[in-house]
Amino acid sequence: MKKSAGKLLAVGFIKSLFVVLIMFGAGAGSYWAVMHFWDIPIAEPEEKGPSQQQKEEPITKAALDDVSKNLIFRVQEETGEINGILLEIFHCGEKRMQYITIPIRTQYTMSETLYRKLVLVRPTIPQIIKLSNITKYFDKDTVYDYGVLIMEDLLGIDISYYTVIPESIYTTIFETHEITEDNKKSSEKLSQEKEAGISYEVFSDKYIKFLKSFQTAEDVYDYIAELYPHLQSNLPLNGKMNYLESYCKTPLSRVSFALINGVNKNNAYYIEAALAKQQIESYIAQNAAE
């Protein structure tokens, strides 16, 4: 009797399951028929794309610092080549800014730590490299981030963020100032070993005149907001605007220009690492002490 009851229960369950399957099949069939009749596209199962997967950590992260170090790349629009590098140091508290030219012909030997890291990304990259060759080893999406790592390694400092300025805009802001025997002594923080013919970047006269035309903070805000979409940076516009008040209070008399300490020889420039780091740190310390 128990077996019969169990048998009946099993048969009942199978029949119920069969009915459910028929109803499900009919429902699915009706759904397909309606979608087909009205020519409604049937959604395919969504695959997880890169945006849904775990995002990779960025190579560099922008930082808002009281003494910001902005690495500026001068880039040729057509070729993507880096034609110049500037280090902009801005001391917000002291309202003082300095632009230090890093010659693009600079050649240096990477530290073992950085070289081991970069060779995994680009096995053909040499440990002794010229800054002008950076674009040969990294693609356009990562070259500036890796350029930051290289400059941090070379100068022994942390870079706050980077800014890429197209050649057509760069030449409206900066112009080349040649170092000659006549002005070598008056050039700020230049080593006595500097050879005539080396140059560094300064604001052009037209750009200085343009800056002097600003009357209000709104003028400065509008200028940055209009210019920023034409640049590339790992610091977004709203981050850049955090410096707005300090920019407005920084007089042109507190903007200075210099060449990074080093030696020019054999068609290359060799940065004297210890002196260059001292040059940067002494400038920051000088501001902090004033």
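Read-outs: derived from the displayed coordinates by stated rules, not from any lab. Because the structure is predicted, anything quoted here is derived from the model rather than measured. Cβ: placed from backbone, ideal geometry, glycine included. Neighbour counts: every protein chain shown.
Say whether the condition of being under 21 Å from LEU86 (Cα atoms), touching a strand residue (DSSP E or B) at 6+ places or on another chain (Cβ under 6 Å), surrounded by 11 or more Cβ atoms within 10 Å (Cβ to Cβ) and touching a residue at least 40 places away in the same chain (Cβ under 8 Å) is met by at least one residue in segment 235-249.
Yes: segment 235-249 contains one or more residues that are under 21 Å from LEU86 (Cα atoms), touching a strand residue (DSSP E or B) at 6+ places or on another chain (Cβ under 6 Å), surrounded by 11 or more Cβ atoms within 10 Å (Cβ to Cβ) and touching a residue at least 40 places away in the same chain (Cβ under 8 Å).
Picking from ASN267, ASN261, which residue would you name as being surrounded by fewer than 19 Cβ atoms within 10 Å (Cβ to Cβ) and over 29 Å from GLN215 (Cβ atoms)?
Residue meeting the stated conditions: ASN267.
For segment 81-187, give me every one of the strands (runs of 3 or more DSSP E) that falls completely inside it and has 2 or more residues that are touching a Pro at 6+ places or on another chain (Cβ under 9 Å).
82-91
Of these, GLY147, GLY93, which one is of a type in the set (Gly, Ala, Ser) and within 14 Å of the chain's Cα centre (by Cα)?
Answer to the check: GLY147.
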